[in-house]
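Each value in this text was obtained by applying a stated rule to the coordinates, not by laboratory testing. Bear in mind the structure is a predicted one, so any value in this text is a computation, not a measurement. Virtual Cβ from ideal backbone geometry, glycine too; neighbours counted across all protein chains shown.
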Amino acid sequence: MFARRTKLPLWLLKRPAQAELLRLPAQPVPLGQLDDPEFQQLIDHMMLTMDQANGIGLAAPQIGQSIRLAVIAHEVSGQSSDLVLINPTVTVVGTGAQTVEEGCLSIPGVYGPVPRPDRVKLTAFDRRGQRYQLSAQDLFARVIQHENDHLEGRLFIDRASSITHGRVPT
Ligand code: NI
């Protein structure tokens, strides 16, 4: 079986030039840029790329753009369409935590159990520039934190207690 080519090339940690960008804290998106049709198209292409790669979240640094933008699959967010996170802020709620195996499209074939808080509050802007706030728990909260980490140049392997050969794509 051959995987279908993704819409945008995925940047990989194993490639040194791409690793450098994946490790960089990303820059805020100027909200004026949301009027740019190319920017809207970038969001659509990220959603397609995530879907074609069977991912449940994708952050802009993973397609070579060092900007604070990420998408999360609608199956995870429980919404009717994929969730767009622009300039997100994530706050931990409560003291609960869970350890669950994670993977990442930027580090194919690598997995590991990652402890994370199980409830967060997300504040972000949507693709129209509307500020929104939502509460998330369990897998949704985990993916929000995983993608927000990408925007800080942080990867799940930094937090994993060990590296395994599981098969949970994130
Ligand atoms: Ni990832």
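General remarks:
- Pair Leu134, Thr91: separation of 7 Å Cα→Cβ label points (nm): 1.8
- Cleavage-rule hits (GluC sites (Glu not before Pro)) in the range 75-125: DSSP loop, at most 15 neighbouring Cβ within 10 angstrom: none
- Here the range 76-170 is treated as a Stokes sphere of Kirkwood radius computed over C-alpha pairs; at 10 °C and 1.306 mPa s its diffusion coefficient rounds to 115 µm²/s.
- Residue among Pro37, Pro113, Pro25 with the largest mean-square fluctuation in a Gaussian network model of the chain, springs linking Cα atoms under 10 Å: Pro37
- Computed [θ] at 222 nm, helices only, for the chain once each DSSP H run of length n ≥ 4 contributes -39500 (n - 2.57): -7000 deg cm²/dmol
- A Förster radius of 25 Å combined with the Cβ-Cβ distance from His74 to Gln33 puts the calculated FRET efficiency at roughly 0.55.
- Summed residue charge, Cβ within 12 Å of Ala60's Cβ, Lys/Arg positive, Asp/Glu negative: 0
- Stokes-Einstein diffusion of the chain at 20 °C, 1.002 mPa s viscosity, Kirkwood radius from Cα pairs, rounded to a whole number: 134 µm²/s.
- Where Rh is the Kirkwood radius over Cα pairs, Rg/Rh for the range 1-68: 0.99
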